[in-house]
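The values are calculated or read from the model by the stated rules, or taken from the named source; none is laboratory data. Keep in mind it's a predicted model, so treat the numbers as computed, not measured. Cβ placement follows ideal geometry from the backbone for every residue including glycine, while neighbour counts extend to all protein chains displayed.
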Amino acid sequence: MEQKHILDYLDETRGKRELKSLFQIVMDEVLKELKLEGTYEVSLSLVSKEKIHELNKKYRNIDRPTDVLTFAFQEADVLFDEPLVDLGSILISPEIAKAQAKEYHHPYYRELAFLFIHGLLHSLGYDHMEEKEAEEMFALQNKILNQLPYDFYTDLNKVKKLLKVASSRSKADYSSFQVGAVVLTKDGKYHLGCNIENSAYPVSICAERCALFVTYSLGYHKEDIISLSLVTSSKNLGTPCGSCRQVMSELMDMKSPVYIFNCDYTKMMKTSVEELLPFAFTKEDLHA
Ligand code: THU
């Protein structure tokens, strides 16, 4: 049975988004990677920049704000044979995380995951004071980050807002069927596309291909893409046409998630390129 760890979560900054489920995924991934037996509990608080500054000064004598602070339950060693292992508490400043995500050009969720992994590893006894232990800790951090589920980073609230913009740009003079698409890349950027129709119908383009071509024309490649989302003007969930599925299967990783919304966002379907186009024709087939 999959073990369930306890995340005692408090967002003191009253952020617009509920991030508990995100942090729970990270915590489970860390403990799974370390193959630790039993149930672990940690308390995580999202705090303001001022508060983390104050605590950094008080407990570490460092007079500046920081991104993450860890207070291990037992500084010396954690009681690993207890049925419930209390790892203590971790504090993260979302404001600083956001600024760092921007600076390093990656998604905000990646930065939050990184900081939480860092804090959790500290609470489990890892450190980076000496070169050798730092090497081990950082390698582990990266490994866990890269193992997070493929769809971890897509912020669906943001996607919905951008899909509204994308579909408002749709030029559907003939079908009146408006479609908007958004591609998220690993640097945290979202790329918009919409369907554009011509009086010679076949030379029109669908929103999905438009968004993917925009993304590629900006210099991105398959490895840079995290997900594709789309909205249509249908009350039902309109799925990509066959041509778009073919293009998606070649320009995106087959495992990439695809999020589909109906016109008023009351319905959402999460699927993947692989599910949309099983047994896809690939460039390998050309030379087989
Ligand atoms: N369309 C898309 O943009 N994406 C889809 O997934 C389905 C269809 C566009 C093409 C055309 O402009 C209009 O919708 C009607 O087919």
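Every test in (1) surrounded by 20 or more Cβ atoms within 10 Å (Cβ to Cβ); (2) more than 22 Å from Lys270 (Cβ to Cβ) is passed by Glu197 save one, and that test is (1). When residues in the stretch 159-193 are screened for being over 19 Å from Val273 (Cα atoms) and either near the ligand (Cβ under 9 Å from one of its atoms) or surrounded by fewer than 19 Cβ atoms within 10 Å (Cβ to Cβ) (or both), 17 of them pass. I'd like to know if the stretch 92-100 contains one or more residues that are assigned to a strand (DSSP E or B) and touching a strand residue (DSSP E or B) at 6+ places or on another chain (Cβ under 6 Å). Yes, that holds for at least one residue. Condition first: more than 12 Å from the ligand (Cβ to nearest atom), closer than 17 Å to Gly193 by Cβ and in a loop (DSSP other than H, G, I, E, B). Now tell me which residues in the stretch 228-264 satisfy that. Residues satisfying the conditions are Met252, Ser256. From the list Ser199, Ser167, Ser217, which one is within 16 Å of Val247 (Cα to Cα) and among the hydroxyl-bearing types (Ser, Thr, Tyr)? Going through Ser199, Ser167, Ser217 in turn, just one is within 16 Å of Val247 (Cα to Cα) and among the hydroxyl-bearing types (Ser, Thr, Tyr): Ser217.
Quick one: in the stretch 194-204, of everything that is over 21 Å from His221 (Cα atoms) and in contact with a helix residue (DSSP H, G or I) (Cβ under 7 Å, 6 or more places away or on another chain), which residue is farthest from the ligand (Cβ to nearest atom)? It comes out as Ile196. Residues in the stretch 265-288 that are of a type in the set (D, E, K, R), farther than 24 Å from Leu148 by Cα and not in a helix (DSSP H, G or I): Lys267 alone.
In the stretch 122-158, which residue that is hydrophobic (A, V, I, L, M, F, W, C) and in contact with a strand residue (DSSP E or B) (Cβ under 9 Å, 6 or more places away or on another chain) is modelled with the lowest pLDDT? Checked the stretch 122-158; the qualifying residue modelled with the lowest pLDDT is Phe152. Report every pair of residues separated by at least 6 positions or lying on different chains whose Cβ atoms are under 7 Å apart, first residue within the stretch 237-261 and over 16 Å from Phe279 (Cβ atoms) and free of Cβ contacts under 8 Å to residues at least 60 places away in the same chain, second assigned to a loop (DSSP other than H, G, I, E, B) and more than 11 Å from the ligand (Cβ to nearest atom). If the second residue must be assigned to a loop (DSSP other than H, G, I, E, B) and more than 11 Å from the ligand (Cβ to nearest atom), the pairs left are Leu237/Asn262; Leu237/Lys267.
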